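The values are calculated or read from the model by the stated rules, or taken from the named source; none is laboratory data. Since this is a predicted model, take the numbers as computed values, not measurements. Please note: Cβ atoms are built from the backbone with ideal geometry, for glycine as well, and neighbour counts cover all protein chains shown.
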Amino acid sequence: MSGWHLTPAQAHDYAARRSDEITAMSVEAHLMHCAPCRTLMPADEQWLADGWASLRDVVDRPRRGPVETLLSLAGLRAETAKLLAATPRLYQAWLGSTVVVLAAALVAAHVMPRGSLMFVFLAPVVPLVGVALAYGRGVDPAHTLASVTPMAGQRLLFLRTCSVLVPALLLCTGAALLLPYTTSAWDAVFWLLPSLALVAGSLLLGRWIHLSAASGIVGALWLAVLGLVSLSGQTVPVGVFAPAAQLWWGVLLSALLGLLLLRARTA
Amino acid sequence: MKLFRRAHRRAPSYGPDSADPALLTAIAAGEAEALEILHRRHAPWLRARLNYRCSDPDQVDAALQETFLAVWKNAGSFTPRPGDTDAGAWLWTIAIRQLISQLRRRANRWISDIEAEPYETIGDASAEETVLLNIEHGPLGTALHSLSPELRAAIQATVLDGLTVREAARILQIPEGTVKTRVMRAKARLREALTS
């Protein structure tokens, strides 16, 4: 536009709300398209710094990932959602090895005679290993810090167990679907109840000893029993997963869960 | 696992002297420093102008805060017209809308937030509005003097501030129909004064 520009005095008057209405309108219309005149507006450094400080407060907050957004959409509280979303990062190595182990089991099942036994042995143990790495001194690098927060203890343990179980169970189900003899949905989930029972057992045992040790004991017991059964010539260790046995697994699981809840209540 | 981590988008280089569109591109790429430069450049005049619309400095500050947060979130939606190196009009549009929703929130907390209206740069004005936007030149100033304060306020809200009739009604606290008639009467009065 032509030569008209604000004088410093006009700018000061305007900023101090001393301009009359018509001048104010002119100034505003001019400021809209004249950047040099805008710089004439007196800037209150203190006010600018304060404004930016509180803006920075919001701007610097980490953006929420898709998992976290999904979880908080599902009705979880913001901090719980963040915790659950962040936990799998702690076990990236475990997640990777789980994929490798399950892939190996699948290959064995497809290539070797009776190779699917390997999957049968492993499927319930995989989530257990994850839980073993979920909580405790020596496993979590930030355990000392985490243990003094109000979240620590049972609550954190259960939250982390859940966040480990979900990917573990999903991976195992996916692998089970790829087994050579999978024909029905039943074949994909036969290991689920034993697996959950093992996890619940190790959590209960973890009340008295270190969680990793507890999971180790429970896992070793499971492998030992299955090994003995298959070595003693029983052709079908899969009998452990038969519908009748599933009933017993279900009873065991609910008993263990009941005990866990009871202990958590009294703790 | 690093493979899966979101690669940081390359932000264009920018500095305290960069033009607004370059800064906004950087902000869209997540550069907080670019937002700081933009804040330093535009907050003072926006504050001064908002102060004429609302006498409560706290509300003005809150509206400004919301404005720059909106910029942080929506910087990608800024599309400069060709040859335009200035985001002043766009920022003003956001700021005045934020002020309106701020005032509204304060007044009726129980009414849900106003439905978001898209931020459009004002400027695609009709011929007579273009004349009005050049107030500082020519005889328009004297013509405006002859208007009553009510008519002037209506013109100011709709033409200068670029508000819709609905928004103007909200900030002036009069019904929408009244805004319309006042704007029409004011324009007729101005035309008369300018052509006679």
Scanning segment B:66-93 residue by residue, those of a type in the set (Val, Ile, Thr) and under 19 Å from A:Arg56 (Cβ atoms) turn out to be B:Thr67, B:Val71
Only one of B:Arg53, B:Arg104 is surrounded by 14 or more Cβ atoms within 10 Å (Cβ to Cβ), modelled with pLDDT of 80 or more and among the basic types (Lys, Arg); which?
B:Arg53
From the option list A:Val139, A:Val131, A:Val148, single residue qualifying as part of a helix (DSSP H, G or I) and away from chain B (no Cβ under 11 Å) is A:Val131
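Rundown of residues vs (1) under 28 Å from B:Asn74 (Cα atoms); (2) touching a Pro at 6+ places or on another chain (Cβ under 7 Å), yes/no style:
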residue: A:Ile22; (1), (2): no, no
residue: A:His33; (1), (2): yes, no
residue: A:Cys37; (1), (2): yes, no
residue: A:Ala43; (1), (2): yes, yes
residue: A:Leu48; (1), (2): yes, no
residue: A:Ala74; (1), (2): yes, no
residue: A:Glu79; (1), (2): yes, no
residue: A:Thr98; (1), (2): no, no
residue: A:Ala104; (1), (2): no, no
So the check is Cβ under 9 Å with 6+ separation or different chains; which pairs have a first residue in segment A:21-43 that's touching a residue at least 12 places away in the same chain (Cβ under 8 Å) and a second one that's surrounded by fewer than 17 Cβ atoms within 10 Å (Cβ to Cβ) and among the hydroxyl-bearing types (Ser, Thr, Tyr)?
A:Leu40/A:Thr7
The helices (runs of 4 or more DSSP H) lying entirely within segment A:1-110 that contain at least 2 residues which are facing another protein chain (nearest Cβ under 9 Å) and over 25 Å from A:Leu169 (Cα atoms) are A:8-15, A:21-31, A:35-38, A:45-59
Got at least one residue in segment A:171-185 being modelled with pLDDT of 80 or more and closer than 24 Å to A:Val139 by Cβ?
yes
Which condition number in (1) under 30 Å from A:Leu231 (Cα atoms); (2) in a helix (DSSP H, G or I) is the one that A:Pro113 fails?
(2)
So if I check each of A:Ala134, A:Ala146, which one is in contact (Cβ under 8 Å) with a residue 12 or more places away in the chain, aliphatic (A, V, I, L, M) and surrounded by 15 or more Cβ atoms within 10 Å (Cβ to Cβ)?
A:Ala134
Residue in segment B:25-43 that is within 12 Å of chain A (Cβ to nearest Cβ) and under 14 Å from the mean Cα position of the chain (by Cα) present:
yes
